[in-house]
1. In this structure, does Val57 turn out to be within 16 Å of ligand 2 (Cβ to nearest atom), closer than 30 Å to Pro112 by Cβ and not hydroxyl-bearing (Ser, Thr, Tyr)?
2. Which condition number in (1) within 11 Å of ligand 1 (Cβ to nearest atom); (2) under 13 Å from Leu103 (Cβ atoms); (3) touching a residue at least 60 places away in the same chain (Cβ under 8 Å) is the one that Ala46 fails?
3. For Ala115, are the conditions met, namely being more than 14 Å from the chain's Cα centre (by Cα), at positive phi and more than 12 Å from ligand 1 (Cβ to nearest atom)?
4. Assess whether Ile31 counts as being farther than 13 Å from His102 by Cα, touching a helix residue (DSSP H, G or I) at 6+ places or on another chain (Cβ under 9 Å) and within 13 Å of ligand 2 (Cβ to nearest atom).
5. Say we look at the range 5-18 and pick out the residues that are without any contact (Cβ under 8 Å) to a residue 60 or more places away in the chain and closer than 23 Å to Ala76 by Cβ; which of these is nearest to ligand 1 (Cβ to nearest atom)?
6. For Asn92, are the conditions met, namely being without any contact (Cβ under 8 Å) to a residue 12 or more places away in the chain and among the polar types (S, T, N, Q)?
7. Between residues in the range 113-127 that are at pLDDT 90 or above and residues that are of a type outside the set (Lys, Arg) and not in a loop (DSSP other than H, G, I, E, B), which pairs lie under 6 Å by C-beta distance while being six or more apart or on different chains?
8. From Thr5, Thr69, Thr54, Thr30, which residue is surrounded by 14 or more Cβ atoms within 10 Å (Cβ to Cβ) and in contact with a Cys (Cβ under 6 Å, 6 or more places away or on another chain)?
Amino acid sequence: MTYPTDKDCIFCKIVAGQIPCLKLLEDADTIAFMDINPVNPGHALAVAKGHWPTVDVIPAEVLAAVARTAQRVARAVVAELKPHGVNLLQANGAGAGQSVPHLHIHIMPRRPNDAVALNWDYKPGDRAEIEAIYRRLKAAL
Ligand code: 5GP
Ligand code: ZN
């Protein structure tokens, strides 16, 4: 299987074995390994082997494979670590907090009061604005 690579990308180097990682599993299109800066114990990453930066450019079947790998890791995290909860998080672009532009899903175990800032408050939206944006997105699909 051939896939795109970027010689300057840290995750491409991990996929190629040029940088070590604590590898949890590997299949044709994906690998999973422990995050080096865990927000909580057990924080791991499901990573595409190919260098596609974001969700809008990765082939759908590879994204599906990354999701399957994330689920396998999440099942192990839930069964073995019994966290309070688990977030799956996938960032696209620096504006969304993505620091490594090589698609990956975080498997993020949660603990009570861990202060991980992923939550937002519910505020009722402007109905007309929601509908206007809905129409634009629907036309773009
Ligand atoms: P992002 O900010 O792109 O959503 O997440 C990138 C993640 O990759 C971060 O959680 C960061 O800790 C992790 N990371 C960055 N460099 C390395 C590395 O060399 N090895 C491992 N195992 N994780 C890394
Ligand atoms: Zn890469």
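The values are calculated or read from the model by the stated rules, or taken from the named source; none is laboratory data. Owing to the predicted nature of the structure, the values given are computational and were not obtained by experimental measurement. FYI the Cβ positions are ideal-geometry reconstructions off the backbone, even for glycines, and counts take in every protein chain you see.
1. no
2. Going through (1) within 11 Å of ligand 1 (Cβ to nearest atom); (2) under 13 Å from Leu103 (Cβ atoms); (3) touching a residue at least 60 places away in the same chain (Cβ under 8 Å) one by one, Ala46 breaks only (1).
3. yes
4. In short, no.
5. Out of the qualifying residues, it is Ile14.
6. Criteria not met by Asn92.
7. Matching pairs, first to second residue: none at all.
8. Result: Thr5 is the single residue among Thr5, Thr69, Thr54, Thr30 that is surrounded by 14 or more Cβ atoms within 10 Å (Cβ to Cβ) and in contact with a Cys (Cβ under 6 Å, 6 or more places away or on another chain).
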